[in-house]
Protein chains: 2
Amino acid sequence: MTNQKLFNVAVVGSTGAVGEQIIKLLEERNFPINELKLLSSARSAGNKIEFKHKEITIEEATPNSFENVDIALFSAGGSVSKELIPHAVESGAICIDNTSAFRMDPDTPLIVPEVNIDQLNEHKGVIANPNCSTIQMVAALKPLYDRYGFSRIITSTYQAVSGSGRSAIDETLKQSKDIIEGNEVQPDILPVGGLPVKHQIAFNAIPQIDKFVDNGFTFEEMKMMNETKKIMGDESLEITVTCVRIPVIYGHSESVYVELNSDFDIAEVRTILSEAPGIVVVDQPEEQKYPLATDCAGELDVFVGRIRKDLANPRGLNMWIVSDNLLKGAAWNAVQIAEYIAKQS
Amino acid sequence: MTNQKLFNVAVVGSTGAVGEQIIKLLEERNFPINELKLLSSARSAGNKIEFKHKEITIEEATPNSFENVDIALFSAGGSVSKELIPHAVESGAICIDNTSAFRMDPDTPLIVPEVNIDQLNEHKGVIANPNCSTIQMVAALKPLYDRYGFSRIITSTYQAVSGSGRSAIDETLKQSKDIIEGNEVQPDILPVGGLPVKHQIAFNAIPQIDKFVDNGFTFEEMKMMNETKKIMGDESLEITVTCVRIPVIYGHSESVYVELNSDFDIAEVRTILSEAPGIVVVDQPEEQKYPLATDCAGELDVFVGRIRKDLANPRGLNMWIVSDNLLKGAAWNAVQIAEYIAKQS
């Protein structure tokens, strides 16, 4: 047995939906931890979380929290990341940021390990975790890009409410219950915290995730389009995205059309995807097998099905891509990055 | 006041989710009825339905039910239509069929009044009502086709469970309740009645509506593609569709990308759609206004929002199209056709 280096790890946003999964994964994956520091807002500080049979008291995250921290995982919102990450970097921590704060910063690598782990060491203290809906799409598209090349992607998403945090989960369940029981509902959280208008999510489909940009797209859609180009390292990609919130708790689904640069054999596409890291093909229509959000919840992989050649365009490929938005879409991708950092240290 | 001709009308499938809406619309629209005959399977025969303050006893639909019937509206499933419509036509009734039985028959016009009412009189006794998800899409696309022309459509749907009938509504509500209460669920109806595998629809997204064809598409997807070409009268249209069932009770939503034949002004697109018959534009992103299934349920029109120019292709147009699948998607389109028949008699 070799002497493995142990790390001082901090989790910022410990009590959030993503933070909770990060802590669980650090434990399950037996991440080489010397000391684990759990940080949160002042409101949650003082609470305790169990980690490997020991209780850890949550501390308030402040600019001074990062002394002696080797790796800090941030998922407490963009403004917290913007405020605290510069201090953490100055203290010598490598920061893995789950928010959109640094994603498009040219000095910050935007990493999906299956796609561009080779860019990991280009960081200057910060590594960004892409948007949940971006991660699962690029993970499935990369092996096809490498084999066939493509320039056109058209995607519509079916996104789970857990992407908006625990309060959105609670609201969805409460609203559903009220509607089933014939009570009035008072939407309070979705579609976007901080915006004035609220819409019912129970038994509905809301074509808005995040605020609108002047061009008629939402920030969520812009994130998917811009981040995909950055991660794939191809600014010429032509991507169109429509992001929709539906009453699913865990697991984003995506209907993806991609126009490959050459004609292709559909059996070869299935083989390529089956052999790709982090991808599981679930695609037996004759047995009604395809990825479902409820089946993929709790799983680390990205699931692909409904793989079929377009009838109108012989270079057109259609797929249905599903993954747990809190795991591969957030916590697992971040912990994966942390594992790569640990491995090379 | 002119002497209006009155019609003997039969409704086949009176007790189904669509039949119920047809009867309601005939009453609300004050359709010129002499005698209304309500027909169903033997199982529901003998029950009574109130129509204009009079109780009508439901009779079993048989080949002999159509004597003296002028207009018969069918929504009792494809096999019932295939069996009974030939008898109804022989008896002299004009049949408006809500099932897929005659839609692709070259002798049967497939009518969406806003699109191709000019083909109404080409019928030989049968007029077909298109698939719910087709109707709302072509109604919104036709005015743009007339102005700009187009050849490429890529659509992903978000379809309500009521499209699978009343038992699917009951199942969705029951499953949702069970999950909220922490009970096990036993899917029984969806995704497709008659197929062996059942999937949970509550808090899920199922990428299967109807059975699969050998090419990897479902019949629902094939219907949307083939019917759109027939209704638009343009076999050269290149259409790709992914049909998905989500836990919404009433109202199909569609994310539609269409590549127009020329560059366009987005304000002009909004004007064209606003002025088109049967279309309502709900599109003020700055006020978070866009069509929502829950808002469109119970309405007769087709609602269009998220109208935006594609960032990758200056001829690309994105839209979010929503309509009540039981009304414009079924009952209302059928009654609209009946009204045109009545008007010209």
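Just to be sure, is B:Gly233 on the phi > 0 side of the Ramachandran plot and either among the hydroxyl-bearing types (Ser, Thr, Tyr) or touching a residue at least 60 places away in the same chain (Cβ under 8 Å) (or both)?
Here the answer is yes, as B:Gly233 does meet what is asked.
Please enumerate the residues belonging to the range B:231-253 that are more than 10 Å from chain A (Cβ to nearest Cβ), over 14 Å from the mean Cα position of the chain (by Cα) and buried (at least 23 other Cβ atoms within 10 Å of the Cβ).
The answer is B:Arg245, and nothing else.
Residues that are assigned to a loop (DSSP other than H, G, I, E, B) and either of a type in the set (D, E, K, R) or in contact (Cβ under 8 Å) with a residue 24 or more places away in the chain (or both): does the range B:133-142 have at least one?
There is no residue in the range B:133-142 that is assigned to a loop (DSSP other than H, G, I, E, B) and either of a type in the set (D, E, K, R) or in contact (Cβ under 8 Å) with a residue 24 or more places away in the chain (or both).
Let's see how each residue does on (1) within 24 Å of A:Asp170 (Cβ to Cβ); (2) at pLDDT 95 or above; (3) in a strand (DSSP E or B):
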{"residue": "A:Val11", "(1), (2), (3)": "yes, yes, yes"}
{"residue": "A:Ile22", "(1), (2), (3)": "yes, yes, no"}
{"residue": "A:Leu25", "(1), (2), (3)": "yes, yes, no"}
{"residue": "A:Leu36", "(1), (2), (3)": "no, yes, yes"}
{"residue": "A:Glu67", "(1), (2), (3)": "no, yes, no"}
{"residue": "A:Ala76", "(1), (2), (3)": "yes, yes, no"}
{"residue": "A:Val80", "(1), (2), (3)": "yes, yes, no"}
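Does the range A:272-306 hold any residues that are among the β-branched types (Val, Ile, Thr) and facing chain B (nearest Cβ under 7 Å), and which are they?
The answer is A:Thr294, and nothing else.
Residues being farther than 15 Å from B:Gln208 by Cβ and either free of Cβ contacts under 8 Å to residues at least 12 places away in the same chain or not in a helix (DSSP H, G or I) (or both): count how many of those fall in the range B:144-159.
Number satisfying all stated conditions: 8.
Only one residue in B:Val282, B:Val258, B:Val304, B:Val269 is under 24 Å from A:Gln175 (Cβ atoms), among the hydrophobic types (A, V, I, L, M, F, W, C) and in contact with a strand residue (DSSP E or B) (Cβ under 7 Å, 6 or more places away or on another chain). Which one?
Answer to the selection: B:Val282.
Can you run down the residue pairs with Cβ atoms below 7 Å, 6 or more apart or on separate chains, where the first is in the range A:163-181 and more than 8 Å from chain B (Cβ to nearest Cβ) and exposed (fewer than 15 other Cβ atoms within 10 Å of the Cβ) and the partner is in a loop (DSSP other than H, G, I, E, B) and of a type in the set (A, V, I, L, M)?
These pairs meet every condition: A:Ser167/A:Ile189.
Test A:Pro187 against the stated conditions and say whether it is touching a strand residue (DSSP E or B) at 6+ places or on another chain (Cβ under 7 Å) and assigned to a loop (DSSP other than H, G, I, E, B).
Spelling it out, it is not the case that A:Pro187 is touching a strand residue (DSSP E or B) at 6+ places or on another chain (Cβ under 7 Å) and assigned to a loop (DSSP other than H, G, I, E, B).
I'd like the full set of residues that are crowded, with 17+ Cβ neighbours inside 10 Å and either on the phi > 0 side of the Ramachandran plot or among the acidic types (Asp, Glu) (or both), limited to the range B:270-296.
Scanning the range B:270-296 gives B:Gly278, B:Asp283, B:Gln288, B:Asp295.
Would you be able to tell me the number of residues in the range B:25-56 that are without any contact (Cβ under 8 Å) to a residue 12 or more places away in the chain and either closer than 18 Å to B:Ile71 by Cα or among the acidic types (Asp, Glu) (or both)?
Residues in the range B:25-56 being without any contact (Cβ under 8 Å) to a residue 12 or more places away in the chain and either closer than 18 Å to B:Ile71 by Cα or among the acidic types (Asp, Glu) (or both): 4 in total.
Could you look through the range B:184-216, keep only residues that are without any contact (Cβ under 8 Å) to a residue 12 or more places away in the chain and within 7 Å of another protein chain (Cβ to nearest Cβ), and pick out the one that is surrounded by the most Cβ atoms within 10 Å (Cβ to Cβ)?
Among residues in the range B:184-216 that are without any contact (Cβ under 8 Å) to a residue 12 or more places away in the chain and within 7 Å of another protein chain (Cβ to nearest Cβ), the one surrounded by the most Cβ atoms within 10 Å (Cβ to Cβ) is B:Phe212.
Do the conditions hold for B:Val192, that is, is it outside any helix (DSSP H, G or I) and farther than 25 Å from A:Thr242 by Cβ?
yes
Have a look at B:Tyr148, B:Tyr158 and point out the one that is away from every other protein chain (no Cβ under 11 Å) and aromatic (Phe, Trp, Tyr).
Among B:Tyr148, B:Tyr158, only B:Tyr148 is away from every other protein chain (no Cβ under 11 Å) and aromatic (Phe, Trp, Tyr).
With B:Glu55, B:Glu122, B:Glu28, B:Glu60 as the choices, which residue is closer than 14 Å to B:Val11 by Cβ and surrounded by fewer than 20 Cβ atoms within 10 Å (Cβ to Cβ)?
Only one candidate passes the filter, namely B:Glu60.
May I ask you to list the residues in the range A:307-332 that are in contact with a Cys (Cβ under 6 Å, 6 or more places away or on another chain) and within 11 Å of chain B (Cβ to nearest Cβ)?
If the condition is that a residue be in contact with a Cys (Cβ under 6 Å, 6 or more places away or on another chain) and within 11 Å of chain B (Cβ to nearest Cβ), then A:Val322 is the only one that fits.
So B:Ala42 ticks every box in (1) touching an Asp or Glu at 6+ places or on another chain (Cβ under 8 Å); (2) of a type in the set (A, V, I, L, M); (3) buried (at least 18 other Cβ atoms within 10 Å of the Cβ) but one. Which box is left unticked?
For B:Ala42, the failing item is (3).
Which numbered condition in (1) within 11 Å of chain A (Cβ to nearest Cβ); (2) crowded, with 24+ Cβ neighbours inside 10 Å; (3) acidic (Asp, Glu) is the only one that B:Glu227 fails?
Here B:Glu227 meets the rest and fails (1).
Hey, does the range B:65-75 have a residue that's surrounded by fewer than 17 Cβ atoms within 10 Å (Cβ to Cβ), assigned by TED's automatic domain parsing to the domain that holds B:Asp97 and over 27 Å from B:Gly329 (Cβ atoms)?
Yes, some residue in the range B:65-75 is surrounded by fewer than 17 Cβ atoms within 10 Å (Cβ to Cβ), assigned by TED's automatic domain parsing to the domain that holds B:Asp97 and over 27 Å from B:Gly329 (Cβ atoms).
If you check B:Asn47 against the conditions, is it at pLDDT 95 or above and farther than 23 Å from B:Ser91 by Cβ?
So B:Asn47 passes the test.
The values are calculated or read from the model by the stated rules, or taken from the named source; none is laboratory data. Keep in mind it's a predicted model, so treat the numbers as computed, not measured. When we count neighbours, we look across all protein chains shown, and the Cβ atoms used for this are built from the backbone with ideal geometry, even at glycine.
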